[in-house]
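Notes for the one structure printed next.
No value in this document is a laboratory result; all are computed from the given coordinates. Please read all numbers here as calculations on a predicted model, not as lab measurements. Every residue, glycine as well, gets a Cβ built from its backbone with ideal geometry; the counts of neighbours run over all protein chains shown.
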Amino acid sequence: MRLGIDFDNTIVCYDGLFHRICVERGLIPANLPTSKSEVRDHLRRIGREDDWTEMQGYVYGARMAEADPYPGVLEFLRQCVRCARPVCIISHKTRYPFRGPQYDLHAAAIGWLEHHGVFDPDRIGLARSQVFLELTGDAKLERIGRQRCTHFIDDLPEFLSSPAFPAETHRILFDPNLRHETESAFTRSASWAEIARFLENELTMPAIRTTEFERFLPFLTRHGIHVGVELTPLLEGGNNRVFRVHHAEGECVLKTYFRSPDDPRDRLGAERAFLELLWRRGLRRTPQPLGWSDENGWGLLSLVPGRKLRSEEVDGNRVDEAVDFVLEINERRGDSAAEALLPASEACFSLGEHLATVNRRVARLMGIAPETDVDKEAVEFVREELAPLWKRIRKQIDDGSGAGVDRELPGELLCLSPSDFGFHNALLASDGHLRFIDFEYAGWDDPAKLVCDFFCQPELPIDIRHWDSVIQPLAKLFGTAAELPARATKLLPAYQIKWCCIILNEFIRADSARRRFAAGGEPVDRKRCQLSKARQELAKAFDLLGRIA
């Protein structure tokens, strides 16, 4: 996160000051509401526009020291600096007033920041170089882009609506007097407490430590990255640590892969082999692999500029695009380079292996240690609801499969699977097309598992009405017209149970250790939230029972 903040009427509150001075000068009645906008509108209504213009120069200059900060804004700035979150103040402010005495407005603004400890290392500690007072609105817009702000907070919707506003910057409208309640084009917040809640994950995630940064430098230098290097942690997932690397010639992504004796999966090896295969073939829907350190468990990838899809954007066209990607990576699955890839994580080559995989996940959850109240609730949920439903689903699949439950799929019916495939691992690029990311579990697998995971992943769910659009083109490539659809339909409720278990990984100690690694420290306790999500997903498994053949 690289945060930019406007100054006047966003950090500094002038409501009481304007009202007080105008009453002193007899320009407004004392019972007029105290907001700055009410004072301005009153003076305009009575034909005192020039007085209003001169008053602004007087307040922003001679009386600036009397203005108050908005509640919570200094604490917010302190939190950003404490967590090493890049933050800057960018304001459109002329050097001198348009009318009246020529106060130095820039000096007054800097003096206000000094008075409130913004530059004092013992109070807030923002660097002076991170305050930009621009003479024009266009210069302010250019500065936001030059500082690569991922978020910008401003009180003026007309400024945030500017066609020149950087397209990739998330716009937050600060609206403390609730004057823009119908504004829906931006994230709107009425207080700094609301803004802090909105940005909570970015603000609480520990920043990269200096020693860790220095540890990465030789690796980055070997790949030509050594001038103007800056690393920003990204919240991309719960398995690895990911950093956005800013350098003199552009940006890329540094990924550090989780390793543990309790989880021996080679995430780096799987992603490296998969990405390098695709790029050798000329496929360009993924990040480009730029370099690897097997010893340290690091990967350097090209930055894919884009954003996550919104749930309402997951439509038939996007589903078709995802299916095309799977077909594309499997066009030459019979060549020697593809055959050299290993099985995917939790790969399954028979119905029995699918059932055993889900059964292991359910059994792990049966061992949750009931240390807290929410742990006890999770234990009760697993034992009283999830496990009984899984037993019922497993029996129906067993009974409907007979001796065929252990029959292995022949090689020609297997697929090269991205694994953990879904729109949660896709970005919408500026060209309007999707790019797909995260292949640390990729490899050979049953296409039925790919299909079931695609529909069951809970982050960006896919409506079951798209089932035929997914299964039919895959069936033509990975088997007879009936075999893959029948197998995937039979397994779908089992995979809904599997995803309930994945959601509850927060309760498994080995998995919570992986989450701590990815976050760079102790994450906010998500257990209760995850338990609520698991209940919702379990309800879907009931609904899917009728799909078992």
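Starting from the Kirkwood radius over alpha-carbon pairs of the range 223-276, derive D by Stokes-Einstein at 10 °C in a medium of 1.306 mPa s and give it in µm² s⁻¹.
On the way: Rh = 12.7 Å.
Answer from the Stokes-Einstein relation: 125 µm²/s.
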Expressed in nanometres to one decimal, the distance between label points 7 Å along Cα→Cβ at E249 and S162 is 3.2
Go through the range 406-413 residue by residue and turn each phi into a ³J(HN,Hα) via Karplus (6.51, -1.76, 1.60, θ = phi - 60°); whole Hz please, and just put x for glycine and proline.
-> 9, 6, 7, 6, x, x, 5, 9
Pull out the extension gain between S37 and A403, defined as 0.36 nm times the separation in residues minus the alpha carbon to alpha carbon distance; nm, one decimal.
-> 124.0 nm
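Taking neighbour counts of Cβ atoms within 10 Å as a proxy for exposure, in what order, fewest first, do R171, R197, R188 appear? The partial results should precede the final answer.
Details: R171 21, R197 11, R188 18.
By the 10 Å Cβ count, ascending, the order reads R197, R188, R171.
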Ordered by residue, what ³J(HN,Hα) values in Hz, to whole numbers, does the range 112-127 give under the Karplus form 6.51 cos²θ - 1.76 cosθ + 1.60, where θ = phi - 60° and Gly and Pro are x?
-> 5, 4, 4, 4, 8, x, 5, 9, 7, x, 7, 10, 10, x, 6, 5
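Please give the length that would be gained between R123 and D315 if that part of the chain were fully extended, namely 0.36 nm times their separation in residues minus their C-alpha to C-alpha distance (nm, one decimal).
Values: separation 192, 0.36 × 192 = 69.12 nm, distance 4.95 nm.
Taking 0.36 nm per residue and subtracting the Cα distance, the gain is 64.2 nm.
Please give the net charge around C500, taking every other residue with its beta carbon less than 12 angstrom from that of C500, where Lys and Arg add +1 and Asp and Glu add -1. Intermediate results must be reported in sequence, preceding the final value.
Details: positive: R361, K498, K533, R535, K540; negative: E385, E537.
My count for the surroundings of C500 gives +3.
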At F98 and K395, where each label point lies 7 Å from the Cα along Cα→Cβ, what is the point-to-point distance in nanometres?
-> 7.9
In the neighbourhood of S469 defined by beta carbon distances under 14 Å, the net charge of the other residues (Lys, Arg +1; Asp, Glu -1) is -3
Enumerate the amide H contacts of R188 below 5 Å, restricted to partners 5 or more residues apart or on another chain; note that Pro and chain-start residues carry no placed amide H.
-> L173
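For an R0 of 45 angstrom, estimate the FRET efficiency from the Cβ-Cβ distance between A139 and D373 and round to the nearest 0.05.
It comes to 0.25.
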To the nearest 10 degrees, how steeply does helix 210-222 sit against the main Cα axis of the chain, on a 0 to 90 scale?
-> 70
Centroid-to-centroid separation of the range 337-365 and the range 115-175 [C-alpha atoms, Å] | 49
Going by the alpha-carbon gyration tensor, a ≥ b ≥ c the square roots of its eigenvalues, is the range 412-459 rounded (a/c under 1.5) or, if a/c is not under 1.5, prolate (a/b greater than b/c) versus oblate?
-> prolate
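Assign one of three labels to the range 129-173, namely rounded, prolate or oblate, based on the Cα gyration tensor with a ≥ b ≥ c the square roots of its eigenvalues; rounded applies when a/c is under 1.5, prolate when it is not and a/b is larger than b/c, and oblate otherwise.
Values: a/c = 1.45, a/b = 1.22, b/c = 1.19.
Taking the square roots of the gyration eigenvalues as a ≥ b ≥ c, the range 129-173 is rounded.
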Per the Kirkwood formula on distinct C-alpha pairs, the Rh of the range 36-186 is how many angstrom?
-> 17.1
Give the residues of the range 254-281 whose amide nitrogen is closer than 20 Å to a point set 7 Å from the Cα of A340 in the direction of its Cβ.
-> 266-281
Debye intensity ratio in log₁₀ form over the Cα atoms of the range 371-490, taken at each q of 0.15, 0.22, 0.23 Å⁻¹ | -0.89, -1.32, -1.35
Give the cross-link partners of K93 among the lysines, using a straight C-alpha distance below 27 Å as the criterion and excluding same-chain residues fewer than 8 apart.
-> K36, K140
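Subtract the Cα-Cα distance of I464 and R215 from 0.36 nm times their separation in residues, and report this length gain in nm to one decimal. Mind showing how you got there, number by number?
On the way: separation 249, 0.36 × 249 = 89.64 nm, distance 4.69 nm.
Going from the current span to full extension adds 85.0 nm.
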For helix 527-544, report the angle its Cα long axis makes with the longest principal axis of the Cα atoms of the chain; keep it between 0 and 90° and round to the nearest 10°.
-> 50
Mind checking which aspartates and glutamates have their C-alpha under 15 Å from K376, skipping anything on the same chain fewer than 8 residues away?
-> E384, E385, E506
Can you give the translational diffusion coefficient of the chain in µm²/s, computed by Stokes-Einstein from the Kirkwood radius over Cα pairs at 10 °C and 1.306 mPa s?
-> 59
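What is the local net charge at E384, summed over the other residues whose Cβ is closer than 13 Å to its Cβ (Lys, Arg +1; Asp, Glu -1)?
Numbers: positive: K376, R383, K391, R535; negative: E377, E380, E385.
Net of charged neighbours comes to +1.
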If each residue's Cβ is checked for other Cβ atoms within 10 Å, how do R535, R244, R307 rank with the fewest at the top?
-> R307, R535, R244
Members of K395/K476; K255/K533; K490/K540 lying beyond 18 Å, as alpha-carbon distances in this model show | K395/K476; K255/K533
Within the chain, percent of DSSP bridges classed antiparallel, to nearest 5 | 65
Under the classification rounded if a/c is under 1.5, otherwise prolate if a/b is larger than b/c and oblate if not, where does the range 210-302 fall, given a ≥ b ≥ c as square roots of the Cα gyration tensor eigenvalues?
-> oblate
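How high is the FRET efficiency between F198 and R146 when r is their beta carbon distance and R₀ equals 30 Å, given to the nearest 0.05?
Details: r = 24 Å, r/R0 = 0.82.
It comes out at approximately 0.75.
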Provide the per-residue ³J(HN,Hα) series for the range 324-333, in order, calculated from phi with Karplus coefficients 6.51, -1.76, 1.60 and θ = phi - 60°, each as a whole number of Hz, with x at glycine and proline positions.
-> 4, 4, 4, 5, 5, 6, 9, 4, 10, 6
Compute the acute angle (0 to 90°) between the alpha-carbon long axis of helix 137-146 and the principal axis of greatest extent of the alpha-carbon atoms of the chain; round to the nearest 10°.
-> 40
